[in-house]
């Protein structure tokens, strides 16, 4: 099967089906994209996958979509491409297979901007919140985004008015990289008022969408998009959110991925902080972590959670205070040839979700490093004094 | 031994020793107050208790103190008096005996105001915070205090400028009862700017101190006083607090008593909320509970904590969703003759701390009621359909 056939098939699917469809994802994974398209065209796919396409099966706009994308400076990135963010998306795959169909990974992505998708997402934090933000919320979003990119991390957000816009702008102002995950075609900036902002992001960062050019940002697409904001970042910070807002769905997806959900408190007299306080008051393990600064955000994202024991006494070594899971994972990380979390999980004998949860913390301690192929020991650990 | 001798001895001790001294408390409990005074005067008390008195052993101002108190409308309340808040102070006794000497209960109290100390403290919440409060903090303190007294609860605080003052004033404005726990003689209003406020509290609520008239509010007395704010309330809400402030000590004492510590968030840009955010970010079980309203405060104070199971299905009965500890405690509460938590603990076979933790929640469900002698089943539970 040619690379072109694979690519065309994925482009066809990108228009034919709404993304995030677990049955379709499973079929593509099983028989490949070209065969999936053949089955759908013949009406012979399993009913659950066939349902994902419906009447759109009659449409073929692959060439037009790819041509349009090229005209707009948009590239179509598939799992076959070097920059496909395989490692960062791993928890989505695992979660889908573990019974959270809403977290089905993207089949391919439409991308615009100079940055490499895999590189900018391997150290990224989502900063999201209300469109009806207050001056306080926008100020805090900007401060956090500034602090995050200052420390070399990427700011992911949804390109909306309010908190999202403030986060993107501050990341750009700090000379950092920001990634806007949109809910429609990248040639159709939405909201229109952010047209100029998206142009600046396309110059210095990345615009990303699961929908081909021309697709309108329908209401339900925002919910589908929200899972990808959580999927493309190591943790999510909610700055301001009204009661029962859309940001709660992103926070839930983030939690389901085993990644930290953080929330910024505000005045209890402010309606714009009701949703963040709800997240902070959630019962038991579901509660978001309260964060007051970018530093605290990065602490959280690099946290080993329950796995991090109390600080050791005596000369501290980066390995000293690791819990049993982190130690098992670290021992299983290859010395030179990087491995994906799935392989490390097998070697360590721990669940993949634990592996992806623990690795960022090991990276913050400079014990491991992330490459395009996965994780390996850091240079310091590979030296004679290391291992 | 006459009641007068007991009373005089406690008044002598009140001036001779700083309150909250565990060794002195233990000696009084063992041999009684008059014998304790005799031993101290003879220099024959155990060294740890003798140290509590030091050079003050030569001083005898019992008559002068009691006369001065009478002139100022201050009464001297001892454990022999009907209004002594035995049940509310129980967790202090238990904690002291369990190895937290800083929580030694008061030997006696100087009180001014029309309310009965035991009655106003059996349903009370402490609302405390920074002297350097913001307009936001004072507004929230007032809202919370207002909501708390509206629901029939007492507001306890420390009479300080800022949050404390706002809480006291709002409780009075709502026609409720408020209790100011001061760190010096009740005839010496401190801060002086709150002289008029204290007069109003003395008319409608209660001023309480462990120090006899004339005693100056020394710096270290505020820390000793803080434990009593926690001791005289069912839970503590911190509204605003700077980093590493005195309110943190009250919060710690409250936690050590097994009572809920709550904190109100604020803008992360406000220095006055740094301390409350620290409380909310504390690790594991030590974290304060975030509260946004008086309603949430009372939910927390009446909470059964881990003991409260998921809501039952079908016709809900107040007993239905009780956990094993709450059920054991409820079964051990006497039908008619009220019993103190210690006796209930023996009957239920659970630790006293668990009993005092669980009883307020049972009261909120109207399963039990608190009398001057302790707890008994509520009227509804005593009826034929109950037990």
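Which of the following residues is closer than 21 Å to residue B:275 by Cβ and touching a residue at least 40 places away in the same chain (Cβ under 8 Å): B:203, B:208, B:181?
B:181
Please enumerate the residues belonging to segment B:79-108 that are in contact with a helix residue (DSSP H, G or I) (Cβ under 6 Å, 6 or more places away or on another chain), more than 24 Å from residue B:201 (Cβ to Cβ) and surrounded by 18 or more Cβ atoms within 10 Å (Cβ to Cβ).
B:90, B:91, B:94, B:95, B:96, B:103, B:104
If we keep just the residues of segment B:253-266 that are free of Cβ contacts under 8 Å to residues at least 40 places away in the same chain and buried (at least 24 other Cβ atoms within 10 Å of the Cβ), which is nearest to the chain's Cα centre (by Cα)?
Selected residue: B:261.
For segment A:360-382, which positions are in contact with a helix residue (DSSP H, G or I) (Cβ under 7 Å, 6 or more places away or on another chain), part of a helix (DSSP H, G or I) and modelled with pLDDT of 80 or more?
Matches in segment A:360-382: A:362 only.
Per-residue answers, yes or no, for (1) surrounded by 24 or more Cβ atoms within 10 Å (Cβ to Cβ); (2) in contact with a helix residue (DSSP H, G or I) (Cβ under 6 Å, 6 or more places away or on another chain); (3) at pLDDT below 95:
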position	(1), (2), (3)
B:110	yes, no, no
B:113	yes, yes, no
B:116	no, no, no
B:130	yes, yes, no
B:145	yes, yes, no
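Does segment A:180-197 hold any residues that are in contact with a strand residue (DSSP E or B) (Cβ under 6 Å, 6 or more places away or on another chain) and farther than 24 Å from residue A:245 by Cα, and which are they?
Scanning segment A:180-197 gives a single hit, A:186.
Quick check on segment B:242-252: of everything there that is touching a residue at least 60 places away in the same chain (Cβ under 8 Å) and assigned to a helix (DSSP H, G or I), which residue is nearest to residue A:292 (Cα to Cα)?
Checked segment B:242-252; the qualifying residue nearest to residue A:292 (Cα to Cα) is B:247.
Return a yes/no flag: does segment A:218-241 have any residue that is at the interface with another protein chain (Cβ under 10 Å from one of its Cβ atoms), buried (at least 19 other Cβ atoms within 10 Å of the Cβ) and part of a strand (DSSP E or B).
No - not one qualifying residue is present in segment A:218-241.
Which residues, counting only those in segment A:270-282, are in contact (Cβ under 8 Å) with a residue 12 or more places away in the chain and at the interface with chain B (Cβ under 7 Å from one of its Cβ atoms)?
A:277, A:280
If you check residue B:159 against the conditions, is it in contact (Cβ under 8 Å) with a residue 24 or more places away in the chain, away from every other protein chain (no Cβ under 14 Å), part of a loop (DSSP other than H, G, I, E, B) and buried (at least 24 other Cβ atoms within 10 Å of the Cβ)?
yes
Considering only residues of segment A:253-269 that are part of a strand (DSSP E or B) and within 14 Å of another protein chain (Cβ to nearest Cβ), which is nearest to residue A:300 (Cα to Cα)?
A:262
From the residues in segment B:270-290 that are in a loop (DSSP other than H, G, I, E, B) and more than 20 Å from the chain's Cα centre (by Cα), which one is nearest to residue A:143 (Cα to Cα)?
B:270
Within segment B:349-381, track down each residue that is closer than 12 Å to residue B:334 by Cα and in contact (Cβ under 8 Å) with a residue 60 or more places away in the chain.
B:370, B:374, B:375
Residue check, residue B:248 against (1) surrounded by fewer than 18 Cβ atoms within 10 Å (Cβ to Cβ); (2) more than 14 Å from chain A (Cβ to nearest Cβ), all met but one. Which one?
(1)
The values are calculated or read from the model by the stated rules, or taken from the named source; none is laboratory data. It should be emphasised that the depicted structure is a prediction, and the values quoted were computed from it without experimental measurement. No Cβ is skipped: glycine too gets one built from the backbone with ideal geometry, and neighbour counts run over all protein chains shown.
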